[in-house]
Structure formats: C-alpha cells, structure tokens
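The values are calculated or read from the model by the stated rules, or taken from the named source; none is laboratory data. Source: prediction; values computed, not measured. All Cβ positions, glycine included, derive from the backbone under ideal geometry; neighbour counts span all protein chains shown. Accessible surface is based on the protein model in full, side chains and every heavy atom, while ligands, DNA and RNA are left aside. Shrake-Rupley method; radii C 1.70, N 1.55, O 1.52, S 1.80 Å.
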Amino acid sequence: MANSRTASPDAAAPFSLLKLLPPLLAVIIGMFMVILDTTVVNNAIPTLVDDFGTTLHHLQWAVTGYTLALSAVIPLAGWMTDKFGARRVFIATIVMFTLGSALCALASTTEQLVVFRVIQGIGGGMVAPIGMALVFRIAPPDKRGAVMGVLGIPILLAPALGPVLSGYFVEYVSWHWIFLINLPIGIAAVIVAARFLPVFERGKPPALDILGMILGPIAFAMLAFGVSEGGQDWGSARTLTGLIVGGAALLLFIFVELRHRQPLLELRVFRTFAFTQGIILSWILNVALFGSIILFPLMLQQVKGYTPLETGLILLPQAMGSMLCMPIGGRLFDRIGARPIVITGTLFISAALLIMSQITLDRPLYVIMLNLFLLGCGMGLSMMTMNTYILNTAPRELVGRVTPLTNSAQQVIVSFAVAGLTGYLSTHSDKIMKAYTGPNPLEAAVGAFGDTFLLTSGFAIVGFALSLFIRRVKPAAAQKSGSGEVRAEESVLSGH
C-alpha cells in the first residue's frame, strides 16, 4: 500500500492543502458519521416508542447507553494509539461503529436496540480524539490552526442535518434508515482512511488502569440507572440500589485513580480551584442544554402534532444559532476572556428555557423557533468557550490529560441529564394527566413539558450565577517532558 511507510510528523515537505485533503477527508467523514448519529436518534424517539411498544422511560436507555459507552472508551484513545497505532485503531473504531449501526437497524426489541447502541458508542467514542490527533500530526505546525478549523465542518454541519435526515427517513422511508445511512458513510471512511492516512511511529503505551476501567463504567451506569429511576420515585428500591451501588463504585474509582501513577482519568486536576469551578459550570450547562434538547422533538411531535420531518426543520434554528455564535465566541475569547462570553451565553440559555417553561398549546411556531435560535446562540457562545477556559485553568503538568477527563465527564453528565429528565417527564406527565379534568388532555401534556423545561432552566440559572465568578487565566501553552518542549495541544489531542 502506498502509505505503508512510517510517517513522521516533523517530516520536511512543502505545505499543500490539496495534498492534505485526502487524509483530512477520512477524519471528517468519520467524525461526521459519529456526530450525525448523536442527533438523528433524538428526533426518532417518539416513533421508536410507538414501533417498539415501549415507554420513553425505557427507550431513553438507547441514548443513555450510547453516551455512557462513549464516556467509557474516550480515555482509552491515547493508550490504544500507542499500543496499536493511530491509523489502525481509527479504522477499527469506524468498522465497529458501522457494524453497531447495522445491528441497530436490525433491532426488534428495546433491549436489543440498547445493546447495539452501546456497541456503536464503544466504536464512536475514540473516533474524534484519534481523528483530531492524526490531523494535528499531519498538519505543519504553522498551519495547524487553519487545518484544525476544517474539522469544524462535521462539528457544525452534522447537528443541523441530523434532525432533518432523521425526520425524512422516519416519515417517508423507515426508522431503520437512521442507522443504515451509516453503512455507506462508514465504508467510505474506511476506504479513504486505509488509502490515505499515514502510519506514525507508536509511543510506549503507559500501564493500563484495569481497575479504573472496571469501576468507572459500573459507577456511572449504576448512577445513571438510579437517577433514571429517581425521576419516577426517589424512594424506590431500584433507585436506592442504583445510587448506593453507583456511589460506592464511584468512591472506589476516585480512590483508585488518585493512587494510580497513570490513571484512566486524571482526577488530581480537581485540586485547582479555577479548574473545578469551570468544569462544574460546564456540567451544569450540559444538563440544561442536552437535557432540554431531547425534550423538543418529544414536545413537537407528541403535543404539537408535527411530523418527524417538520420537527427536524423546526429544530434547524438551534443549529444555526450555534453555528453563528461559536466562531464569534472563539474570536472574542482571546480579546476579552471567557467571563463576558459565558455570562452572555448562559443568559441566552436561561431566557430561552424560562420562556419554554411557559409553553401553551397555542404558542406560535415562530416563537418556539426563536427560542431554539436563542438556545443555540447560548450553546455556541458558552460550550466551546468553557472547554477552552477549562484547558487554560489546568495545571501545566496535567494539561495533557484534561481533554480525556472533560470529554468523558461530559458524556456521563449528558447520560444523567437524559435519564433523569425523561424519567421526571414520564412520571410528571402521568400525574398531571390523572389530575386533569379539562376538555383537552393535550393541555395537561404541554403543562408537563413546561414544568420539565422549568427544571432545566433552574440549572441554567445556576450556571449563569456561577459564570459571574469565573476568572481570566493565562493559557497553559506548553509543558516540559523528558524529550524536551512539547506543545500542550498535541498531548491533549492525543488523549494522553
């Protein structure tokens, strides 16, 4: 094969974006497929609930299981690339994700769909960190900013296209195609990656944190289960079992990670106050944002009566707002710091969710779409800004291990948000429907959604209050290693 030789990231060669496009395309296709899949399922949930004859409380595990699987494998990206090579692992993860997609399309029960989504998540979790690390090593140092910016294409485009594609397939073809669409994309990614991705020298893999690998998923899965059941009854045996077992496993996980020389997740970074403050704020925003994002398709289809395709189109303003404001936040960050940007973003999010908490059956569609646009603007301003702020607040000697921690933690928090809010919505809807005596039951249903939006707005308001206290910090631009000066970005993108 033409690229079977070992490549060096420092190989002297004149820069040509045209020559860089083939390997860059392999990473873009892979990332696009994975990000697309995180958005297509949300819009299809009402249809999946009906087709499988199940409840939202049970089907949400197709989302929760996927995000938990992502969180479990993200920290392994660095070790896997050192052990087996970045190109080989990247192709293997794409194959696994594509296989998981095919299995999801064949699922005939909720349990099968959840298991197959976990397989998808295991494959998809390492695609982004390994893909970004590959591109970072391919690009010349003075061109990395521009080249890495090209990776923004799947990050921005996939969330916009996902709900629309999902709506079209669900309404005019079959829900199976929201997964089958990944087959040609995945095959294309494998072919392009095998043909054009170079092979890099492997590093020496660190000692694998086996105990952390076992305890982490147990802790997060059981806590997510407890939160999900708690949405229905916080005093039930199932809720208490999940929280107690998950809590005990989490304490053991923290103990193991703090004592391990090369832990799966670097928890010692929490000793830095600014970092801890920033990541807690990020978690709160994740609950408000991703918890509310799953509510919109449900409300639009189940209460407002829109079709899946109409729902996908209605959701477009959210993606447009994020696409518009994300680069604005990036440009302003170096000039004015994170604080004013995040304050503005959290204010937008809080306002949008508060307005949605007052939703009624006769609320005009344009008002809902304006709220979605406002929510997207808040997301675009705050999320990427917070990610950069968290990286800058990390101690210089630990900065290379921050990205795996933050990415994994984000997926765990998202799983908690989805599990908890869908559980609350299901239980609250049942209570309101039983107590309702009016002529139109949809009024009760929309009231349940309004109360759930009010709950998410509470998280956003707390996030707004915390954003008032974040500080401006200098970036940890570089760190020392045994071999000399190493740029922090390379260590971060490599995931170890």
Fill in the blank from the handout: From highest to lowest solvent-accessible area (probe 1.4 Å; ligands, DNA and RNA excluded), Phe196, Phe348, Phe449 read Phe196, Phe348, Phe449
Fill in the blank from the handout: Given a Förster distance of 51 Å, the FRET efficiency implied by the Cβ-Cβ spacing of Gln112 and Thr276, rounded to the nearest 0.05, works out to 0.80
Handout entry: Identified option (computed Cα extents along the principal axes in Å; candidates [x] 75, 48, 44; [y] 93, 65, 57; [z] 60, 53, 49)
Key = [x]
Practice task
Please report, in debye to the nearest 20, how large the charge dipole of segment 338-447 is about its Cα centre when each Lys and Arg carries +1 at its beta carbon and each Asp and Glu carries -1 there.
Solution key: 240
Practice task
Over segment 43-97, average the accessible area per residue using a 1.4 Å probe and give it in Å², no decimals.
Solution key: 30
Completion exercise
From most to least accessible, 1.4 Å probe, no ligand or DNA/RNA atoms counted, Trp283, Trp234, Trp177 line up as Trp234, Trp177, Trp283
Problem - the chain, helix-only ellipticity at 222 nm - DSSP H runs n ≥ 4, -39,500 (n - 2.57), divided by all residues, nearest 500 - result: -25000 deg cm²/dmol
Fill in the blank from the handout: Expected field for Tyr66, accessible surface area in Å² at 1.4 Å probe radius, rounded to 10, holds 0
Practice task
Could you order Phe469, Phe275, Phe416 by accessible surface area, starting with the largest, using a probe radius of 1.4 Å?
Solution key: Phe469, Phe416, Phe275
Handout entry: Angle between the chain longest axis and helix 338-356 axis [Cα atoms, degrees, rounded to 10]
Key = 20
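Pull out the extension gain between Tyr172 and Arg268, defined as 0.36 nm times the separation in residues minus the alpha carbon to alpha carbon distance; nm, one decimal.
29.4 nm
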Problem - Total charge dipole magnitude, the chain, about the Cα centre, Cβ charges on Lys, Arg, Asp, Glu only, Debye to nearest 20 - result: 1640
Handout entry: Inter-label distance for Arg202 and Arg339, nm, one decimal - labels placed 7 Å from Cα along Cα-to-Cβ
Key = 4.8
Exercise for the section: Leaving ligands, DNA and RNA out of it, work out the accessible area of Met320 with a 1.4 Å probe and give it in Å² to the nearest 10. Expected result: 90
Completion exercise
A chain fully extended from Leu25 to Asp233 at 0.36 nm per residue, minus the present Cα-Cα distance, gains in nm 70.1 nm
Handout entry: In Å², nearest 10: area of Lys431 left accessible to a 1.4 Å probe
Key = 130
Completion exercise
Taking the dipole of the chain about the Cα centre (Lys, Arg +1; Asp, Glu -1; charges at Cβ), the one of Ala207, Ile461, Val173 that reaches farthest to the positive side is Ala207
